[in-house]
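Enquirer: Take a look at this one; I'll ask things after.
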Amino acid sequence: MIPRRNLVTGGLVGGVLGALGGGDVEAAPGAGAGADVTEDMVAKLVAALAGLRTDLQAWKTFPEIAPIRDAQLTHLRANGKFPDYIEVGTGPWFSVHDWHIRWQQPLTLGRDNLGRYTLLFGQTYLIMRVDAASAYMGVPYDNR
């Protein structure tokens with residue numbers, strides 16, 4: 001009898017490696033415990049694993065929110081606190097909105113006194129400026 005854990009993980013690893021190989025690697029004759037593994041096969045496997053590593057690392061970079069974080073960090077270094085507000089165009093605003101949706105983070109949407117849409121990102125409210133260019137990124141500022 002095969003333990004359930006071995007069955008699930010073995011199928012998962014085999015499926016991932018099979019999908020990454022894409023049929024480029026041919027099975028060696030007598031592919032058992034004593035099968036000959038060529039250097040070409042090992043090189044293809046290493047390349048596939050390296051590609052998988054870069055794909056997984058790309059998930060941690062969050063390029064869609066990088067400009068907002070850069071503005072927050074600049075304000076944090078200069079003032080010792082995160083900004084209360086950043087006015088942004090529709091491009092960054094929807095990027096942060098979609099980031100919340102993709103990573104299943106709670107959305108805090110609202111409107112300010114002028115009727116502009118706001119979105120809470122961390123401790124900073126992003127204020128959508130529909131009259132500005134799509135890629136507009138304003139200077140962060142505080143409530144005071």
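Enquirer: Averaging over all projection directions, find the projected area of the Cα convex hull of the range 74-144 and quote it in nm² with one decimal place.
Expert: If you wrap the Cα atoms of the range 74-144 in a convex hull and average its projections, you get 5.0 nm².
Enquirer: Report the calculated FRET efficiency for VAL139 and ARG53 (r = Cβ-Cβ distance, R0 = 41 Å), to the nearest 0.05.
Expert: 0.65
Enquirer: Return the Rg/Rh value of the range 30-124, two decimal places, where both radii are evaluated on C-alpha atoms and Rh is the Kirkwood radius.
Expert: 1.31
Enquirer: Based on the Cβ-Cβ distance of ARG69 and ASN113, what FRET efficiency does E = 1/(1 + (r/R0)^6) give at R0 = 22 Å, to the nearest 0.05?
Expert: 0.25
Enquirer: Report the extension gain between ILE101 and THR61 in nm, rounded to one decimal, defined as 0.36 nm multiplied by the number of residues separating them, less their alpha carbon distance.
Expert: Gain on extension, ILE101 to THR61, equals 12.8 nm.
Where a number appears in this text, it was derived from the coordinates with a stated rule and is not lab data. The shown structure was predicted, so the numbers you read here are calculated from the model rather than taken from an experiment. When we count neighbours, we look across all protein chains shown, and the Cβ atoms used for this are built from the backbone with ideal geometry, even at glycine.
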